[in-house]
Amino acid sequence: MNDALRLLDGDLTGAELTLLLERLKHDAALRDEVAAQQLIRDGLAGLRTPDDGYSLRILARLRGARSGAK
Amino acid sequence: MSEPQLAGGIDAALVLRAQQGEMVAFEVLVVKYQRRVAATIRRLVHDDRIAEELTQEAFLSVFVALPGFKPDGEFAAWLFTIARNAARSYLRSAQNRQDDRPVQWLDEAGDSDRFGVAPSPEEQAMAHQLFERIDAEVAALPELQRRALLMREIDGLDYKAIAAALEQPVNTVKSHIFRAREAIANRARPLLAPTRDRRW
């Protein structure tokens, strides 16, 4: 949890960012914590949309474009 | 912490990592900005489905153009410019069409995978409940925590400006905001569990 908050705030060093990005590749709970914390931030800022897979569809589109380009 | 914090901020650092081939760094940027980008586009096109398509297009354009982006530039400003341009381009093409049929990509098979479907009443109710819980938790925070958090999230102030406004040391402000976020997340977590598979 602390790591998710520090990532979104940029409150970490370059070395810590490297480690965190590596963890994010494999740690589904950390990815969810980052996404949940961002959802809360967006909610506080007035962006109150249901959690309906929007970002997953963007990422799927990006991955599709990347694999198509290879 | 003895090492210096990220020079140029977290966005610049994530852009740089993405330029070096770290896809996960770009994914963080998508998670961070997708709702704001979608809201910006939705305000221009007034259609949820088209807004979602254009949001995807905007992130795709940014990703493709990323190698040419200077990491010392302002990533968010660049992203929102591309998003607004995508919306304006769509509106121009809609104006130029002879009729008001939807554009081709909205007729393609498999749209529900690509764009999802409108949130059900249950999903909307769950979201409503979640944001009510968040509001209640914000209201229950100690005053300094609440003021610091709202200055950060609503007013968009940086820590230094909040510290000046509250006449508190920067580290104290950081600590207040951190604790406020943890408290809110702890209360919101049970309501976030049912939608776990729809997040990153």
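FYI, it's all coordinate maths here, none of it is from the lab. All values derive from a computational prediction rather than experimental measurement. For neighbour counting, all protein chains shown are included, and Cβ atoms are generated from backbone atoms with ideal geometry for every residue, glycine included.
Expressed per residue, the C-alpha convex hull volume of the protein assembly as shown stands at 141 Å³. Averaging 1/r across all pairs of distinct Cα atoms in chain B and inverting the result yields a Kirkwood radius of 19.8 Å.
Calculated FRET efficiency, B:SER120 to B:ARG43, Cβ-Cβ distance, R0 = 25 Å: about 0.55 to the nearest 0.05. Sorting B:LYS70, B:LYS32 from the fewest to the most surrounding beta carbons within 10 angstrom yields B:LYS70, B:LYS32.
Peptide B:187-195 shows a mean partner chain C-beta count of 3 within 10 Å per residue C-beta. Model label points for B:ALA164 and B:HIS128, set 7 angstrom from Cα along the Cα-to-Cβ axis, are 4.2 nm apart.
Fewest Cβ neighbours within 10 Å first, please rank A:HIS26, B:HIS128 accordingly. It would help to have the intermediate numbers written out before the result.
Working: A:HIS26 9, B:HIS128 12.
By the 10 Å Cβ count, ascending, the order reads A:HIS26, B:HIS128.
Mind giving me the FRET efficiency for B:LEU66 and B:ALA136? R0 is 45 Å, r the Cβ-Cβ distance, nearest 0.05 is fine. It comes out at approximately 0.65. Report the percentage of all Cα-Cα pairs in the stretch B:119-200 whose separation exceeds 15 Å, rounded to a whole percent. That tail contains 60 percent of the Cα-Cα pairs. Only helical runs count toward this figure. For chain A, summing -39,500 (n - 2.57) over DSSP H runs of n ≥ 4 and dividing by all residues gives -24500 deg cm²/dmol at 222 nm.
Here the stretch B:117-142 and the stretch B:38-88 have alpha carbon centers that stand 27 Å from each other. Each Cα pair under 8 Å and six or more residues apart adds its separation to the average, and for chain B the resulting relative contact order is 16 percent. Can you spot the aspartates and glutamates whose alpha carbon is less than 17 Å from B:LYS70's alpha carbon? Ignore those fewer than 8 places along the same chain. Within the straight-line cut-off, B:LYS70 pairs with B:ASP11, B:GLU22. Among A:LEU39, A:LEU56, the order by Cβ neighbours within 10 angstrom, fewest to most, reads A:LEU56, A:LEU39. The mean number of partner chain beta-carbon atoms within 10 angstrom of a residue's beta-carbon across peptide B:19-28 is 5. Here the alpha carbons of chain A define both size measures, Rg and Dmax, at 14.1, 40 Å.
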